[in-house]
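The structure appears right after this line, and notes come after that.
Read-outs throughout are calculated quantities, based only on the coordinates presented, and are distinct from any laboratory measurement. Computed from a predicted structure; not experimentally measured. Because the Cβ atoms are built from the backbone with ideal geometry, glycine has one as well, and the counts that use them run over all protein chains shown.
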Amino acid sequence: MFNPNITTIMKLTKKTLQLICELERLIGEECYNPNSFDGWTLEEGCSFRYPVTYKDKEGVEHKTSYIMKNIDKNSIDTIRYKFGSNNLFIGHGVINVLHYLEDKYGLDFDELVKKDKTDKPEKKDESKPLRVKLVKFK
């Protein structure tokens, strides 16, 4: 959504889109449910990656706990966390934070992403949780 206090215009290049996706993933990995139970370790409470919903370049909606794929600048408007009937548009939130940092500290993310030293192909995380049948002991 438009923020009138932001004065700089950040270009949504492939590298800035990648940065937005990386930052979203860092935020999404910070979920914790104290009421959950891990059947393998018998521990209560667990951390998890909150699933993100988005539309890809072709307009197909996806919900994933993995890496967002096939996105373009139009996809940013659709990147969100769904909480029941509520939506948190995390794509716009990350862009607003980047704009804020540019304005406050004189940063230029268009230039900074060009100097990315970690620009390596990311490993594909295809691991899926195993289904565990919990058995009640008497």
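In a residue-by-residue description of region 2-23, the property of being within 21 Å of THR118 (Cβ to Cβ) and free of Cβ contacts under 8 Å to residues at least 12 places away in the same chain applies to at least one position.
Among the residues of region 28-55, those identified as in a loop (DSSP other than H, G, I, E, B), more than 14 Å from the chain's Cα centre (by Cα) and not hydrophobic (A, V, I, L, M, F, W, C) are GLY39, THR41. Among all residues of region 110-120, there is at least one that is touching a residue at least 60 places away in the same chain (Cβ under 8 Å), in contact with a helix residue (DSSP H, G or I) (Cβ under 8 Å, 6 or more places away or on another chain) and surrounded by 13 or more Cβ atoms within 10 Å (Cβ to Cβ). Of the candidates THR53, THR64, THR41, the single residue that is without any contact (Cβ under 8 Å) to a residue 60 or more places away in the chain and buried (at least 16 other Cβ atoms within 10 Å of the Cβ) is THR53. A single member of ASN74, ASN70, ASN35, ASN86 is under 15 Å from GLU22 (Cα atoms) and among the polar types (S, T, N, Q), and it is ASN70.
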